[in-house]
Amino acid sequence: MTDELGIVWFRRDLRLDDNPAWAQATASCRTVLALFVLDPRLVGPSGPARRDRLFGDLRALQQRLRDQGGDLLVRTGDPVEVVAAAAREFSAGSVHVNLDVSPFAVRRDAAVHHALDSSGVRWSGQWGTLVHPPGAVRTAAGGLSQVFTPFHKVWARTPWTPWPEAGDATVLAINDEAIPTGGPYPFVSDQHGAAVEPGELGAAHRLTAAAERADRYDDERNTPSIQGTSELSADLKFGTISPRSAAQVIGESTPGRAALVRQLAWRDWYAHLLHATPALVDAPMKPQYSQLVWRDDDAGFLAWTQGRTGVPFVDAGMRQLLATGWMHNRVRMVTASFLVKNLLVDWRRGERYFRHVLVDADVSQNVGNWQWVAGTGPDASPYNRIFNPVLQGQRFDPRGSYIRNWVPELAGLDDRSIHEPWLAGPLELAAAGVTVDLDYPSPIIDLRESRLRALAAYEAVRAGR
Ligand SMILES: Cc1cc2nc3c(=O)[nH]c(=O)nc-3n(C[C@H](O)[C@H](O)[C@H](O)COP(=O)(O)OP(=O)(O)OC[C@H]3O[C@@H](n4cnc5c(N)ncnc54)[C@H](O)[C@@H]3O)c2cc1C
């Protein structure tokens, strides 16, 4: 314990429990100041769902700190100036953070670290956002595996780096900027229309509920019409739970639980890959694919974002995303594949759109998954695996329940036609109250022809043409 005042600069770790930066500061300093910087470069491009979730989680963190006699100091601006100014204003001796892997975060932290160094303030970084820190999961040859399964094997048997125990520092009760309230959007509810309980407490309740469902995870995870997955991604994004708590509470005692914990290894893997190769945000991991000739299909891209492609399973997913900020993983794969393979639109355009709208947008996960779908990333889906969105819908939404929920104008069609309204006869359409191109568009693309076009484009690159 020193006499110094330490600042905990919260970013994607909006919790006090199981938070190594918070623990380190409260154990090593006599007084702690809790700081959050609203950086317009991050808050500005956030879609409404993510912004509202952030503000809710910040208010919950502030309440927890107030319950302990402290507060959360919120300031707006460039962290290089705001953190350094706060360190001067409060005569801090150290700044404590949980590190992040995105190139933006790495550059930002290097600049803040540098500014603090020049005024003699110590920088202390922890890896409280991942189960294992980058570099901790290595192949026998000492590198980061470019294939997930061997990574997962080592990940599962690597002992956790111990995190510090929290201490009993006094938390300063200082607060000058109010946390903004959410925008005029209906995002106080989640994808099921239920109110979201923000913050650490809400996350703990969601984790308990997810753990109760986890035995069924393997059987239900691909059915988008039901709550078959944990729905913890926004909590993991904002750090209202630690991935270690999630792994611990879920456990691996049944195949369903083990399959869910395995997803956290995917999360670590994509983070480690981006940390090792920051260029992945823009460049294909397999360099030959930088030669792919993409189409500038603005009308197609717009129809895709609006859920008006005329392919019901795709439209259901894109509308779920637009309405709630979240989309089921199976449908994320199908909608992304439709954009990249059927429309042959550059995966980076889709990635940027998802990054804007998703409540759980996380650059490493988003880029990793988009590159997986595009076939350009490590251990990616083979280039010639092109999801047929109709077959995917028939397989994973056989009764059309998910489509009926998100594309209600098709609700009156039977379980077969709801996946392919263009095959329904005029009488059936009339009985269901659907006028094609008025209520619901015809498909904007021929699925078979566009599949062949994508194969040709990928094969041209592979053949070096
Ligand atoms: C095109 C595309 C873009 C995606 N963008 C993001 C993103 O920006 N942020 C994000 O968190 N996830 C992203 N994912 C991964 C996945 O779709 C979501 O993590 C998942 O749907 C969140 O729901 P859940 O919490 O119920 O997941 P669960 O199935 O319950 O999984 C538990 C946790 O494991 C992690 N996880 C699950 N699937 C994956 C995966 N494929 N890759 C990496 N981690 C995974 C997540 O942290 C998730 O919360 C993307 C997937 C695709 C196909």
In the chain, if the dipole is taken from +1 on Lys/Arg beta carbons and -1 on Asp/Glu beta carbons about the Cα centre, which of Ser46, Ser119, Gly300 is farthest to the positive end?
Gly300
The set of residues whose placed amide H lies less than 5 Å from the amide H of Gly375, leaving out same-chain residues fewer than 5 positions away, is Ser381
If you take every DSSP beta bridge whose two residues both sit in the chain, what share of them, in percent to the nearest 5, is antiparallel?
5 percent
Likely footprinting exposure, Tyr353, Tyr458, fewest C-beta neighbours within 10 Å first:
Tyr353, Tyr458
Find how many whole Å separate the alpha carbon centroid of the range 32-57 from the alpha carbon centroid of the range 422-465.
39 Å
Please get the size of the charge dipole for the chain, origin at its Cα centre, with Cβ charges of +1 on Lys and Arg and -1 on Asp and Glu, quoted in debye to the nearest 20.
1180 debye
Please compute the net charge surrounding Val331, taking Lys and Arg as +1 and Asp and Glu as -1 over other residues with Cβ under 13 Å from its Cβ.
+3
What 222 nm value per residue comes from the helices of the chain, counting each DSSP H run with n ≥ 4 as -39,500 (n - 2.57) and dividing by all residues, nearest 500 deg cm²/dmol?
-14000 deg cm²/dmol
Across the range 224-235, in residue order, what do the Karplus-derived ³J(HN,Hα) couplings come to in whole Hz, using 6.51 cos²θ - 1.76 cosθ + 1.60 with θ = phi - 60° and x for Gly and Pro?
x, 7, 10, 8, x, 10, 6, 6, 9, 4, 5, 5
From the backbone phi of the range 318-335, what are the Karplus-calculated ³J(HN,Hα) couplings (6.51 cos²θ - 1.76 cosθ + 1.60, θ = phi - 60°) in whole Hz, Gly and Pro given as x?
5, 6, 4, 4, 5, 7, 10, x, 10, 9, 4, 4, 4, 7, 4, 5, 6, 5
Helix 447-462: inclination vs the chain longest Cα principal axis, degrees, rounded to 10, gives 60 degrees
Lys/Arg Cβ at +1, Asp/Glu Cβ at -1, dipole of the range 274-388 taken about the Cα centre: which of Asn384, Leu339, Leu321 is farthest positive-ward?
Asn384
Using the Cα centre of the chain as origin and beta-carbon charges of +1 (Lys, Arg) and -1 (Asp, Glu), tell me which of His96, Ile444, Val106 is placed farthest towards the positive end of the dipole.
Ile444
Skipping prolines and chain starts, which residues have an amide H placed within reach, meaning under 5 Å, of the one on Trp123, given they are 5 or more residues away or on another chain?
Val95
Taking the Cβ of Ala173 as the center, what net charge do the other residues with Cβ under 9 Å away carry, scoring Lys and Arg +1 and Asp and Glu -1?
0
Karplus ³J(HN,Hα) for the range 22-29 (6.51 cos²θ - 1.76 cosθ + 1.60, θ = phi - 60°; Hz, whole; x = Gly/Pro) runs 5, 4, 4, 5, 6, 8, 9, 10
Test of understanding: what is the full-extension gain from Leu427 to Asp439, defined as 0.36 nm times their sequence separation minus their Cα-Cα distance?
2.8 nm
What's the FRET efficiency of Arg88 with Arg295 using the Cβ-Cβ distance as r and R₀ = 35 Å, to the nearest 0.05?
0.10
Using a cut-off of 29 Å between alpha-carbon atoms, which lysines can reach Lys341, once sequence neighbours fewer than 8 places away in the same chain are excluded?
Lys237, Lys286
Exposure proxy check: Leu201, Leu73 ranked by fewest other beta carbons within 10 Å?
Leu201, Leu73
Convex hull projection area averaged over all views, the range 331-416, Cα basis, nm²
6.3 nm²
Which value, in debye to the nearest 20, describes the size of the charge dipole of the range 310-465 about its Cα centre when Lys and Arg Cβ atoms bear +1, Asp and Glu Cβ atoms bear -1, and nothing else is charged?
580 debye
Give, as a single signed number, the net charge of other residues whose beta carbon lies under 10 Å from the beta carbon of Asn384, with Lys and Arg counted +1 and Asp and Glu -1.
+3
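Here, each number is a calculation from the coordinates, and none is a lab measurement. All values derive from a computational prediction rather than experimental measurement. Note that we place each Cβ from the backbone using ideal geometry, even for glycine, and neighbour counts take in every protein chain shown.
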